[in-house]
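Some notes on the structure that comes next.
The values are calculated or read from the model by the stated rules, or taken from the named source; none is laboratory data. Predicted model, so just to flag it, every value in this text is computed and none were measured. Backbone-built Cβ (ideal geometry, glycine too); neighbour counts: all protein chains shown.
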Amino acid sequence: MPFGITAGGERDIQRVRRTRIRLVACLASLLLVGTGEVAGRELPLWEAGVGVLPSTFPAYRGSSDQQFYLLPIPYVVYRGDILKIDREGMRARLFDTDRVEINVSVNGAIPVNSDESDARNGMPDLDPTIEIGPSLDLVLDRPSPGQTLKLKLPVRTVIATDLSSARQVGWIFNPHLNLDCKDVFGGWNAGLNIGPLFGNRKYHAYYYEVDPVYATANRPAYRASGGYSGTVLVGSMSRHFGRLWVGGFIRYDNLSGTAFHDSPLLETDHSLMGGIAIAWVLKKSEKTVDR
């Protein structure tokens, strides 16, 4: 075999790659599930389908290594009286008011093969992470019938996993303003949110700390601290064309002035990710609900 790799070693590499693809697809599912909404008064109680997501992500926030994926994704919408899953995420209405909501906030990050990263070469690989936690959402204003401005206050625990094991690697807090606009630009739904991100020391250490054993002449040892983790701007759009649903997102992170700004693993102050999803609605309920 070339490069001294045995047949068994090649099989192991292929298994690792397949596992990484499954994990990234899982994370994409968590990020995109329930992102559908259609115009009209009476809507199905639930909808389900499948789709694909061509997307691009940096290896991690602040990495100069950009990666591209073509991922399978689910399409799920549920419009219950209390539980809702739609383009605003998964949420529960636990109060007799439309001004306060308790949501489930979900996010994630892709795995990193350190041998493919200039900054992390020789360091341990990073497992993909799943972020999940509650979010208190407050409606600040409704400028028009199709527009809603909210203050969202999500707190998420961060779990790193390779599917065989999982461990908690920190906490993050992401207060942000969210403007949601329905039926704009000829029938599209659009969203825009912006706000700071804060992480504890454990979270920052997972991505940006360099233990002395991994220090080199170009990568000095570094101990991370908790605090400001950057400012996040996210824009999204979606629309139905019959049973076909099209959606897209773009996210920009500005990492200037972060608590880990002196880390040798931070290669750039700017991080960009995005994707365009296309899904086909396979099933929908006969029961309808008032939008």
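Of all the residues in the range 267-291, those that are of a type outside the set (Val, Ile, Thr) and under 20 Å from the mean Cα position of the chain (by Cα) number 9.
Residues in the range 159-181 that are modelled with pLDDT under 90 and under 24 Å from ASP137 (Cβ atoms): 0 in all.
The requirement of being surrounded by 15 or more Cβ atoms within 10 Å (Cβ to Cβ), under 30 Å from THR268 (Cβ atoms) and at pLDDT 85 or above is fulfilled nowhere in the range 76-95; no residue meets it. Every test in (1) over 16 Å from SER236 (Cβ atoms); (2) out of contact with any helix residue (DSSP H, G or I) (no Cβ under 8 Å at 6 or more places or on another chain); (3) crowded, with 16+ Cβ neighbours inside 10 Å is passed by GLY170 save one, and that test is (2). So which of TYR214, TYR222, TYR228, TYR252 is farther than 23 Å from ARG156 by Cβ, in contact with a strand residue (DSSP E or B) (Cβ under 7 Å, 6 or more places away or on another chain), among the hydroxyl-bearing types (Ser, Thr, Tyr) and modelled with pLDDT of 95 or more? So the residue among TYR214, TYR222, TYR228, TYR252 that is farther than 23 Å from ARG156 by Cβ, in contact with a strand residue (DSSP E or B) (Cβ under 7 Å, 6 or more places away or on another chain), among the hydroxyl-bearing types (Ser, Thr, Tyr) and modelled with pLDDT of 95 or more is TYR222.
Scanning the range 190-234 for residues that are of a type outside the set (Ser, Thr, Tyr) and assigned to a loop (DSSP other than H, G, I, E, B) returns ASN200, GLU209, ASP211, ALA215, ALA217, ASN218, ARG219, PRO220, ALA221, ARG223, ALA224, GLY226.
The set of residues from the range 103-122 being more than 18 Å from THR56 (Cα to Cα) and crowded, with 20+ Cβ neighbours inside 10 Å comprises ASN103, SER105, VAL106, ALA119, ARG120. Checked against the criterion of being of a type in the set (D, E, K, R) and at pLDDT 85 or above, the range 20-41 has no qualifying residue. With respect to (1) touching a residue at least 60 places away in the same chain (Cβ under 8 Å); (2) farther than 22 Å from LYS150 by Cα; (3) in contact with a Gly (Cβ under 6 Å, 6 or more places away or on another chain), the lone exception for SER238 is condition (2). In the set (1) of a type in the set (Gly, Ala, Ser); (2) surrounded by 20 or more Cβ atoms within 10 Å (Cβ to Cβ); (3) under 21 Å from the mean Cα position of the chain (by Cα); (4) under 22 Å from LEU255 (Cα atoms), SER135 fails one condition alone, (4).
Residues in the range 252-273 that are assigned to a strand (DSSP E or B) and surrounded by fewer than 18 Cβ atoms within 10 Å (Cβ to Cβ): TYR252, ASN254, HIS270, LEU272.
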